[in-house]
Amino acid sequence: MNEDLDIREALATGEGLEEVLIRATASEETLKEILHLLDDDLWTVQKNALKVVVEVARDRPELHESLITKLMVMLRRSEAVPLTQEIARAFGVLAEVAPDRISRVLPAVFANYRIGDPKIKVNMAYVLEEIMRVKPALLSNIFRDIGYMLVSRDTTDKLTALNFISALGENGVRYVSPFLPKLFNLLHDRDEIVRASAVETLVRIAELNEKLRKIIRTKLEEIDDRSDLVTKKVEEGLTRLAILDRGG
């Protein structure tokens, strides 16, 4: 072990993180130092400090509540995408090891998404997508709101909801089936970006869920869209599904 290891420098560069983790696991003093660095001015230090803290917290239930509180603060402040992604990953880890605690803050996360400024909305969306991948049952109370987002007049709401549903698709048919009628309706949206994104989402769902593949392929084959972008997405999607079918 390197006795001269500078914790902050290691977190800033990302080098020696394994040794930092070993020290944080063995020493409360080192862990406190790393927790303090979650407020560092450099986002790379924050990101790597969080990575270490989350690994330690997996087996330390007494850290969960205070860490979740800290994550909410970091999430609102983050202006660096890699840091936001690490915060979202941390929420995902805690959703698996402390689902009850995470479920209590999810309404606040979704509320911040709905009423926050553009930066806040993006940051909250990262967390919601991660939860939908690892523990979708925790979000059952907001599925109805996602349905409303699909018919919103706000294009951003529609695109975000499509990302949410793509994440849900990784967890099986039962989470995405209720949204299919609205997804099919979005194939006729006035905005070509929304239509193209709806195609991508449907293709992703079909790739992951064989039971839905036939009905989705049929809908895609019926599309007669003047947009080159949408047409390209449809052709690419049908090709991917055909390859899957041949492989199966």
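For this structure, a couple of remarks:
- Which listed residue is of a type in the set (A, V, I, L, M, F, W, C) and out of contact with any Lys or Arg (no Cβ under 6 Å at 6 or more places or on another chain), from 206, 242: 242
- Filter result for the condition that a residue is at pLDDT below 95 and either in a helix (DSSP H, G or I) or of a type in the set (Asp, Glu) (or both), over 160, 218: 160
- Within the stretch 190-202, the set of residues being more than 20 Å from the chain's Cα centre (by Cα) and buried (at least 17 other Cβ atoms within 10 Å of the Cβ) comprises 195, 196.
- Residues of the stretch 100-118 that turn out to be more than 18 Å from residue 155 (Cβ to Cβ) and surrounded by 15 or more Cβ atoms within 10 Å (Cβ to Cβ), as a count: 8
- Index of the failed condition, residue 121 passing every other in (1) touching a helix residue (DSSP H, G or I) at 6+ places or on another chain (Cβ under 6 Å); (2) surrounded by fewer than 17 Cβ atoms within 10 Å (Cβ to Cβ); (3) under 29 Å from residue 241 (Cβ atoms); (4) modelled with pLDDT under 95: (3)
- The stretch 167-176 - residue that is over 13 Å from the mean Cα position of the chain (by Cα) and surrounded by 14 or more Cβ atoms within 10 Å (Cβ to Cβ) and, of those, modelled with the lowest pLDDT: 171
- Filtered by the rule that a residue be over 17 Å from residue 148 (Cβ atoms) and among the aliphatic types (A, V, I, L, M), the stretch 174-202 gives 187, 193, 196, 199, 202.
- Qualifying residue in the stretch 100-117 (condition: modelled with pLDDT of 95 or more and among the small types (Gly, Ala, Ser)): no
- Consider the stretch 132-144 and keep the residues that are surrounded by 15 or more Cβ atoms within 10 Å (Cβ to Cβ) and out of contact with any Phe, Trp or Tyr (no Cβ under 7 Å at 6 or more places or on another chain). The one that is nearest to residue 109 (Cα to Cα) is 139.
- Candidates are the residues of the stretch 221-235 that are part of a loop (DSSP other than H, G, I, E, B) and not charged (D, E, K, R); the one that is nearest to residue 179 (Cα to Cα) is 223.
- Number of positions in the stretch 28-53 that are among the hydrophobic types (A, V, I, L, M, F, W, C), buried (at least 22 other Cβ atoms within 10 Å of the Cβ) and either touching a Lys or Arg at 6+ places or on another chain (Cβ under 8 Å) or farther than 19 Å from residue 95 by Cα (or both): 3
- In the stretch 203-222, the residues that are buried (at least 19 other Cβ atoms within 10 Å of the Cβ) and within 20 Å of the chain's Cα centre (by Cα): 203, 204, 205, 206, 209
The values are calculated or read from the model by the stated rules, or taken from the named source; none is laboratory data. Bear in mind the structure is a predicted one, so any value in this text is a computation, not a measurement. Using ideal geometry, Cβ is built from the backbone for each residue, glycine included, and neighbour counts are taken over all protein chains shown.
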